[in-house]
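Notes follow the structure.
The values are calculated or read from the model by the stated rules, or taken from the named source; none is laboratory data. Just so we're clear, the structure is a prediction, and the values are computed from it rather than from any experiment. Cβ placement follows ideal geometry from the backbone for every residue including glycine, while neighbour counts extend to all protein chains displayed. The accessibility values were calculated without ligands, DNA or RNA, using every heavy atom of the protein model including side chains. Shrake-Rupley method; radii C 1.70, N 1.55, O 1.52, S 1.80 Å.
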Amino acid sequence: MIQERIAEGGMGVIYEGRQTLPDRIVAIKKSKKKTPSNQQQLLQEAMIVGSLEHPNIIPIHQIIIEEEEPAVVMKRIRGESFKDKIKAGCSIQESLQILIPVCNAVEYSHSQQIIHRDIKPSNIMIGHFGEVYLLDWGLAFNLSNGIETEIVGSPSFMAPEMLERDIANISELTDVYLLGST
């Protein structure tokens with residue numbers, strides 16, 4: 001059951017909700033625009049993230065499809081983004097302690113042939129108990145599925161091959177560049 005809107009991105013909206021079995025507060029992601037393309041992209045993101053079991057990647061609890069509209073039920077994280085911590089004056093030492101688990105998540109995703117392609121401070125969440133999560137896998141790409149056909153991402157963080165539309169050179173190094181930009 002959806003209770004309130006808690007966040008909004010370029011493609012999706014995140015709501016807080018209550019799951020009844022087990023009884024807990026969760027986050028529910030839905031497409032911002034209910035087009036077939038956006039809904040397919042949300043399902044693709046959920047399938048990728050759901051296949052990645054790592055402590056720094058948000059767990060997917062369930063995928064629900066009601067009236068042909070997908071909703072992704074995942075862990076609800078309370079805390080702040082790395083972007084907000086930077087604005088508040090996060091030290092270099094604190095930043096490195098946040099980025100190390102993010103690097104571990106990226107290393108794991110690469111071992112599964114998944115490239116994130118949108119690593120940036122606003123996609124890193126730090127929970128109230130110090131847990132760190134790399135979020136928003138909506139642009140993630142599975143290398144084993146072949147060559148990506150479009151350029152996506154946040155321009156101020158993009159790797160050169162992303163900016164130059166050099167799609168054939170999108171690789172693990174693309175995410176390494178994005179980590180450096182972050």
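Points to keep in mind about this one:
- Residues in the stretch 63-72 that are surrounded by fewer than 18 Cβ atoms within 10 Å (Cβ to Cβ) and closer than 27 Å to Glu107 by Cβ: 1 in all.
- Any chance Glu53 is under 15 Å from the mean Cα position of the chain (by Cα) and surrounded by fewer than 14 Cβ atoms within 10 Å (Cβ to Cβ): yes
- Residues being farther than 20 Å from Ala7 by Cα, crowded, with 19+ Cβ neighbours inside 10 Å and among the charged types (D, E, K, R) are represented in the stretch 111-121 by at least one member.
- Filter result for Lys87 (among the basic types (Lys, Arg), farther than 20 Å from Ala140 by Cβ and at pLDDT 95 or above): yes
- Within the stretch 26-40, the set of residues being open to solvent by less than 60 Å² (accessible area, probe 1.4 Å) and either farther than 12 Å from Ala7 by Cβ or part of a helix (DSSP H, G or I) (or both) comprises Val26, Ser31, Thr35, Asn38, Gln39.
- Beta carbons closer than 6 Å, at least 6 apart along the sequence or on distinct chains, pair a first residue in the stretch 131-142 that is assigned to a loop (DSSP other than H, G, I, E, B) with a second that is open to solvent by 20 Å² or more (accessible area, probe 1.4 Å) and among the acidic types (Asp, Glu) for Trp137/Glu45; Gly138/Glu45.
- Residue list for the stretch 14-25, filter: surrounded by 12 or more Cβ atoms within 10 Å (Cβ to Cβ) and over 13 Å from the mean Cα position of the chain (by Cα): Tyr15, Glu16, Gly17, Arg18, Gln19, Arg24, Ile25
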